[in-house]
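Asks: One structure is given below, represented as structure tokens, and several questions about it will come after.
The values are calculated or read from the model by the stated rules, or taken from the named source; none is laboratory data. Note that the structure is predicted; figures quoted are calculated from it, not measured. All Cβ positions, glycine included, derive from the backbone under ideal geometry; neighbour counts span all protein chains shown.
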Amino acid sequence: MLVDETGVREWSRLVQPQTRIPLFIEQLTGISNEMVAGAPLFAEIAEEVQQLLQGRLFIAHNARFDYSFLKNEFKRLGMAFQPTVLCTVKLSRTLYPHYRQHNLDSLIERHQLQTKERHRALADAQSIHQFWMHINRDFPAQGLLDTVQKLINRSSLPSQLDPMLIYDLPEAPGVYLFFGENDLPLYIGKSINIRQRVLAHFSADHRHNKEMSLSQQLRRIEWQETAGELGALLTEARLIKTMQPTHNQRLRRKNALCAWQLQQEQTHVSPTLIWADDLDFGAQQNLYGLYHSVREAHKALRSLADQHQLCLAVLGLEKVVQGRPCFGHQIKKCRGACMGLEPPLQHAMRLQIAMQKLKLAVWPYPGAIGIPEAEELHVFDHWCYLGTARDQTEIDELLATGRPVFDKDTYLIVSKALKKAHGVILIK
């Protein structure tokens, strides 16, 4: 059916399928092999179909099925087919969220639509047109227009992607993966609503250089649903470190990891840089900050010293001749611990107070724990993520694998999660 300002027109053709119609399809649709024996091939009517659809909104119930069928047929003939698509299943769900069923039979019964020859293309199109007329009576014109525009808005999707992708993307928590040419990983992200977040990448209102670059390089999108936000965070961190996508920087694997440890040196307490290979980061009491380089650690300590008027010489960040003031004292940013003007104990106490906000939490359990999320259990041991289990067998398998290397991103994720949920002790 074609509907525009000139009215409603109907167009229908039987097509030779080049194979026998199965009996159950014949019984369902009423179309027999005899009826299509002399029908044209799709190739013979393809140009006519393309012209009829040119510049029109393609509306179908469960639109992916109809769209995919036509797209594949056009593709075999070397013809492009990328219409703007509106799925009336999605439309019904949006307009009538209080109903559970939104298949065409449910719409026909619910809205008392008149139909005959059910499961025939033209009859189904007539039912959809009646549904369209029904919702135009039920909803204000502008509100309905806004809803339709939201559902069909694919103008910002990269042109090389299947436009029906928006109907496949789940509105659920998980991670999504962008791939470029030759399946090169471009970007991995997470969200509590995969569909919403993926489409936001290509929204014209939010586009910047990074999004533009992704849009140009993108060739394929995959996703993995998770039980919730915690699962999405953990999966994102793991996949980024494993796959090293070119547009992710923050969570990419950095093997070196160090922290400050306060140690007594003669009369003063000063921080010493300790590397992860030398300590058990999940069990040590006296560790502050997590850094991937000496430069990063020194920068953080200098910033702390500047904020709290600590002595760079006592901290080991500046060398001075004994009895001479450090540079900070000369510009009144040091209280004189380097010259004995501030007692070592007082400087040590101020240092410990200043470092407190950087202190690493000690693993608060005697062994491994699980944090439940929906039907899954995320298993951890000393801030390390062992994996996600769904039953006791999987839990036992994860515990048997041993503890992986301490990871800063996992530590931050788990420490935040434990503020909201209590872990289930698995090993004492």
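Asks: Test residue 270 against the stated conditions and say whether it is more than 20 Å from residue 408 (Cα to Cα), of a type in the set (Ser, Thr, Tyr) and free of Cβ contacts under 8 Å to residues at least 24 places away in the same chain.
Replies: So residue 270 does not fit the description; no.
Asks: I'd like the residue in region 3-22 that is farther than 15 Å from residue 69 by Cβ and hydroxyl-bearing (Ser, Thr, Tyr) and, out of all such residues, is surrounded by the most Cβ atoms within 10 Å (Cβ to Cβ).
Replies: Looking at residues that are farther than 15 Å from residue 69 by Cβ and hydroxyl-bearing (Ser, Thr, Tyr), I get 12.
Asks: Give region 357-382 a look and list any residue that's under 22 Å from residue 283 (Cα atoms), touching a residue at least 40 places away in the same chain (Cβ under 8 Å) and either among the polar types (S, T, N, Q) or not in a loop (DSSP other than H, G, I, E, B) (or both), or say none.
Replies: 358, 359, 369, 370, 371, 378, 379, 380, 381
Asks: So is residue 186 part of a helix (DSSP H, G or I), in contact with a strand residue (DSSP E or B) (Cβ under 6 Å, 6 or more places away or on another chain) and of a type outside the set (D, E, K, R) or not?
Replies: No; evaluated as a whole, the condition is false for this residue.
Asks: Residue by residue through region 91-113, note down the ones that are of a type in the set (A, V, I, L, M, F, W, C) and under 19 Å from residue 125 (Cα atoms).
Replies: The answer is 91, 104, 107, 108, 113.
Asks: OK, next. Of 226, 272, 267, 242, which residue is touching a helix residue (DSSP H, G or I) at 6+ places or on another chain (Cβ under 8 Å) and surrounded by fewer than 14 Cβ atoms within 10 Å (Cβ to Cβ)?
Replies: 267
Asks: In the list 166, 135, 108, which residue meets the criterion of being assigned to a helix (DSSP H, G or I), touching a residue at least 12 places away in the same chain (Cβ under 8 Å) and under 25 Å from the mean Cα position of the chain (by Cα)?
Replies: 166
Asks: Between a first residue in region 11-29 that is in the same structural domain as residue 125 (by TED's automatic domain parsing) and a second residue that is assigned to a loop (DSSP other than H, G, I, E, B), which pairs have beta carbons less than 6 Å apart while being 6 or more apart in sequence or on different chains?
Replies: Sorted first by the residue in region 11-29, then by its partner, the pairs are 14/39; 15/39; 16/39; 16/41; 26/32; 28/119; 29/119; 29/120.
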